[in-house]
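Enquirer: Here's a structure for you.
Each value in this text was obtained by applying a stated rule to the coordinates, not by laboratory testing. In this text the structure is predicted, and so the values were computed from the model without any measurement. Here the Cβ positions follow ideal geometry from the backbone for every residue, glycine too, while neighbour counts run over all protein chains shown.
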Amino acid sequence: MAVQNGKDLLVKIDINGSGQFETIAGLRATRISFNAETVDVTSLESQGGWRELLAGAGVRSASISGAGVFRDANTDERARQIFFDGEVPDFQVVIPGFGVVEGPFQITGIEYAGSHNGEATYELTLASAGVLTFTAL
């Protein structure tokens, strides 16, 4: 994969529950991480005393975080509504030169900040809440 522009890593939200995705406006920094818990099956019979892990076991999860400035009333309002209503809508993350991850996420944190001589900013944290799909670009 060649060098990619960071601004092309996009987080999109299902704006009305119909599969119509819009980029969350104003994000300046985004991040997605994937995690998998391990299941240790090491025993006295493990060759050479090396740890053994059970393939395909454990819980897999993903988290998304982003930070930015207020730019668009529709996506700002939708994110707030999702958080306060406890919804778990679909999101898309476009990873440039790699693919698109899509599935249900819960907004687990929203932070708002601002200084007297700067812009108002926000940070979002999302946790996967079901099966994610990956489509290569």
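Enquirer: Under a plain spin-label model, where a point goes 7 Å from the Cα along Cα-to-Cβ, how far apart in nm are ALA2 and ALA120?
Expert: A separation of 4.0 nm, rounded to one decimal place.
Enquirer: Could you calculate the contour length gain from SER18 to ILE110, that is, 0.36 nm times the residue separation minus the distance between their Cα atoms, to one decimal place in nm? Provide the component values of the computation, followed by the final result.
Expert: Numbers: separation 92, 0.36 × 92 = 33.12 nm, distance 2.38 nm.
Net length gain for the segment: 30.7 nm.
Enquirer: Using the Karplus curve 6.51 cos²θ - 1.76 cosθ + 1.60 with θ = phi - 60°, work out ³J(HN,Hα) for each residue of region 99-113 in order, rounded to whole Hz, and write x for Gly and Pro.
Expert: Each residue's phi maps through the Karplus curve to give x, 10, 9, 9, x, x, 9, 10, 6, 9, x, 10, 10, 10, 8 Hz.
Enquirer: While we're here: In region 8-45, which GluC sites (Glu not before Pro) fall in coil by DSSP and have 15 or fewer other Cβ atoms within 10 Å?
Expert: Answer in residue order: GLU37, GLU45.
Enquirer: Just want to confirm a number: the relative contact order over region 47-137, from Cα pairs under 8 angstrom separated by 6+ residues, in percent.
Expert: The value is 32 percent.
Enquirer: Could you work out how much longer the chain between SER63 and SER43 gets when fully extended? Use 0.36 nm per residue separation minus the Cα distance between them, nm to one decimal.
Expert: Details: separation 20, 0.36 × 20 = 7.20 nm, distance 3.27 nm.
Length gained, SER63 through SER43: 3.9 nm.
Enquirer: Whats the longest run of the chain with zero chymotrypsin sites (Phe, Trp or Tyr not before Pro) that are DSSP loop and have at most 16 other Cβ atoms within 10 Å?
Expert: 1-49
Enquirer: Between SER33 and GLU77, what length comes free when the chain is fully extended (0.36 nm per residue of separation minus the Cα-Cα distance, one decimal in nm)? Kindly include the intermediate steps, with their values, before the conclusion.
Expert: Values: separation 44, 0.36 × 44 = 15.84 nm, distance 2.51 nm.
Stretched fully, the SER33-GLU77 segment lengthens by 13.3 nm.
Enquirer: A further question follows. Roughly speaking, what % of Cα-Cα pairs in region 6-136 are separated by over 23 Å, rounded to a whole number?
Expert: Value for region 6-136: 41 percent of Cα pairs lie more than 23 Å apart.
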